[in-house]
Amino acid sequence: MTEVLTDERIAAVLRPFVRATAPVLDALRESDPLRLRGRTEELVAGESDGALRKVLRRLDGMQLPGSSAWDAMSVEDRCDWWASRVGRFLALVAGLPRFGGVITSRLPIRNALGITGQGLVLCAIAAEHGVTDRAVKVQLIAEVLLERELSAELAAGHAEDDERVSELTDDIEASRREHGRATPKAVARTVWRMARALWEIDSELDKRPQGRFYHELLGSVPVVGVVGGYLGERSALRKVGRLGAQWLRRNGLRR
C-alpha cells in the first residue's frame, strides 16, 4: 500500500532542500570556466594580436556567467538560460537510468534526480525574479512539482532543519574552504545528496511534470531509452519553467 504523506512531512523534506539549492545555484552563477570575469576588457585592450582579440570578444559574447553578455541579459533571458542550458545537463543525468529500458526507468533514482533538477531550476527562476523568501520557494516547488498547497507556516524555516542542510551542503562548504570555490565534483556530490533526500517522499515524485507520452515509449526501450529519458526530462523542464513563471505571476511575484 502506498504511503500517504502529510503536508508536514512534505514541508520537512522541502525546507532543507530549498536551502541547499542556494549554494549550488551560487556555484553555477559564480562559475567562470573561461576566466572572463574582470579580465576580458583588459585582455582585449592589451597587446594581443588581432586574432586573439577577436576570439576573446567572441568568448565574452557567449551567454555564460562572467561574460558581458550574461550581465546584459534580461530576467526572462536568464530564466530561459536556467531552464535550457543548465537543464540540458540535469536532463541528461536524470535520463541515464533509462539505459535499461522499462526496468531501470522504474528505479526511484530517476524521479529523484528529475525532481532535483526541476527544483533547482524553479529556485533559480524565483531568484531571478527577486524572490528571496525560502518559504515562498518551498510553496512554489510543492505546488508546481507535487500538487501540494502548503501554508506559509509549514513552509517557514525551523531550527531542526539546520543539521540536515549542513549534511546536504557539506561537500560544497568543504570545497570552498580548501579551494576557495565550489568545484564541479563538489556540486555534483551535493546534487546527488539532494536527490537522495527526496527519496523520502518517493510516493509523491510521480506527480512532477513529465515528458510527453512518446518520450515514455522511447524511454522503455533498452539502451536507446537514454535518448527518450533525456528528451522527456528536457520537455518536462520547459514545462516547469512555464508553470513556475505562471505561479509567480499569480502570486504577484514576477518582475
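Coordinate-derived values only; no laboratory data. All values derive from a computational prediction rather than experimental measurement. We place every Cβ from the backbone using ideal geometry, glycine too, and count neighbours over all the protein chains shown.
Could you tally the net charge around Glu178, taking each other residue with its Cβ under 15 Å from the Cβ of Glu178, Lys/Arg +1 and Asp/Glu -1?
Working: positive: Arg176, Arg177, Arg181, Lys185, Arg189; negative: Asp170, Asp171, Glu173.
So the environment of Glu178 carries a net charge of +2.
Highest-first packing order for the peptide set 246-254, 232-240 is 232-240, 246-254, based on the mean count of other beta carbon atoms within 10 Å. Near Leu154: Cβ cut-off under 13 Å, other residues only, Lys/Arg at +1 and Asp/Glu at -1. The net charge is -2.
Around the amide H of Asn251, modelled in the peptide plane, lies no amide H under 5 Å away from a residue 5 or more places distant or on another chain.
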